[in-house]
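Working notes for the structure below.
Taken together, the values in this text are just the output of simple stated rules run on the coordinates, not laboratory data. Being a predicted model, the structure only gives us computed values, none of them experimental. Cβ sites come from the backbone with ideal geometry, for glycine too, and all protein chains shown count toward neighbours.
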Amino acid sequence: MKNIYWRPHGVSRLALILIAVVAATGLLMVEANPVRKEQPFFKEKVRAARLTAEAFEAIKEQRRRIGLAIDKEVDPMESGLIGTLMSTVTSNTGSLSAKQTSINPNFAALVVHLLLRAEVVEGDVVAVGLSGSFPAINAAVCTAIETLKLKPIVITSASASSWGANEPKYLWIDMEKTLHERKIISFRTIAASIGGVEDDGLGMTPLGLRQLRRAIDRHGIPFIDPEDYTDSLNQRMAIYREQAGAASIKAYVNVGGGTTSVGTKIGKRLFKPGLNRRLPLQGSVHGFGHVPHDRRGRPGHPPGANRGICEALRVSDPAAEDAPHRRGRIFYSEEYNKNLATGVLVLVLVLLYAFIRSDWGFRMLVSSKPSKGKKHPGPMV
């Protein structure tokens, strides 16, 4: 003989609590067990980061070889990529924290990410504007270009802001030579200027100007000696066009805040960190606005070295990452475990059906013991 059950009109509180507990537990499990997914261009990013780590080590070794001490107080990572507060070749003031933040190979992965988002491919020509202010990011840009097998046209400003490559004995163009001699990169700067105000070292001492000019001549780099800002810009553009020949320049990469790259103070504020596909108010952004680019109109503008770029691009602060171990959101993204989430959802739906749409749940919860007191029976099942 089959048992006969009376199911109440409503759902018992015990059933509701059970469903809520299962749902909450499932939610916590999904949140606590994300899966890690490789970001686009993962292999290229890893290669660039590893190559940048080699570049950093090569620069540090050469710095020690020529007798330049490393100050652990300002360069706690002992990278050899932090200069001094002031020297004869210092162009202007700079942020020490920004320079410290830049010293991580993960920035090369970020540059790879931005360049590939700009749709450059192997063999494409890219124009590059560097200064000595951020040698670590310069190295990251060079290794990213090397990794992607692009054809760069590099113009460099030899001077540097505070804490950059502002040691007269070891400027960025010297560091670049080190990387080339170690076969870490296959290209060199094709023209260089003094840099600084008006791109001719306005306000620097005669000694500093002589040191920078001698360094440029020592490396056999053609010298850009402008009369003023406009002349400097025109000379740079002529060099880019001549070196590119019939090829299109597919992107422009700038490191630092040189006026010949991103314009004056107004222009610098108009550009967002990262990749700029369109020119903001082209008439007022002189330097960047005149750089030739391909018909898609997507010049690239990789980052200045500060934490703002990391936040703006939703990338973990590279200063807290260890690139050889491929950490950070530039390499991986965390996503919900779809299988686990689906399982939790199915379980909750089954429980809802069992306790609300059928009598299964009621049968599980009904006590075999006689209930105390008299209750009106529900409909018979």
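DSSP assigns beta bridges within the range 111-240; of those with both partners inside it, close to 15 percent run antiparallel. Label 7 Å along Cα→Cβ of L345; the range 27-52 residues with amide nitrogen under 18 Å? Answer for this model: 27-35.
Ranked by the mean number of other Cβ atoms within 10 Å per residue, highest first, peptides 343-349, 33-39 order as 343-349, 33-39. Here the simple spin-label model places points 7 Å from the Cα toward Cβ, and for T93 and V121 these points are separated by 4.8 nm.
Potential lengthening of the chain between A247 and K43 amounts to 70.7 nm, from the contour at 0.36 nm per residue minus the alpha-carbon distance. The stretch between T25 and Y336, if pulled fully straight at 0.36 nm per residue, gains 110.4 nm over its current Cα-Cα span. Sequence-ordered 3J(HN,Hα) estimates for the range 16-25 from the Karplus curve with 6.51, -1.76 and 1.60 and θ = phi - 60° stand at 4, 4, 4, 5, 5, 5, 4, 5, 5, 5 Hz, glycine and proline given as x. Take every Cα pair under 8 Å whose residues are at least 6 apart in sequence, average their separation, divide by the length of the range 1-141, and the relative contact order is 29 percent. Amide H contacts of N254 (H built 1.01 Å from N, in plane; Pro and chain starts excluded): G129 sit under 5 Å, all sequence-distant by 5 or more or on other chains.
Distance from the alpha carbon centroid of the range 73-95 to that of the range 53-71 works out to 14 angstrom. Spherically averaged projected area of the convex hull of Cα atoms, the range 131-252: 7.6 nm². Sequentially through the range 155-164, phi angles give Karplus couplings (6.51, -1.76, 1.60; θ = phi - 60°) of 10, 10, 9, 6, 6, 8, 7, 3, 6, x Hz, Gly and Pro residues having no value and appearing as x. When each of the peptides 116-125, 40-49, 187-196 is scored by how many other beta carbons lie within 10 Å of its residues on average, the order from highest to lowest is 187-196, 40-49, 116-125.
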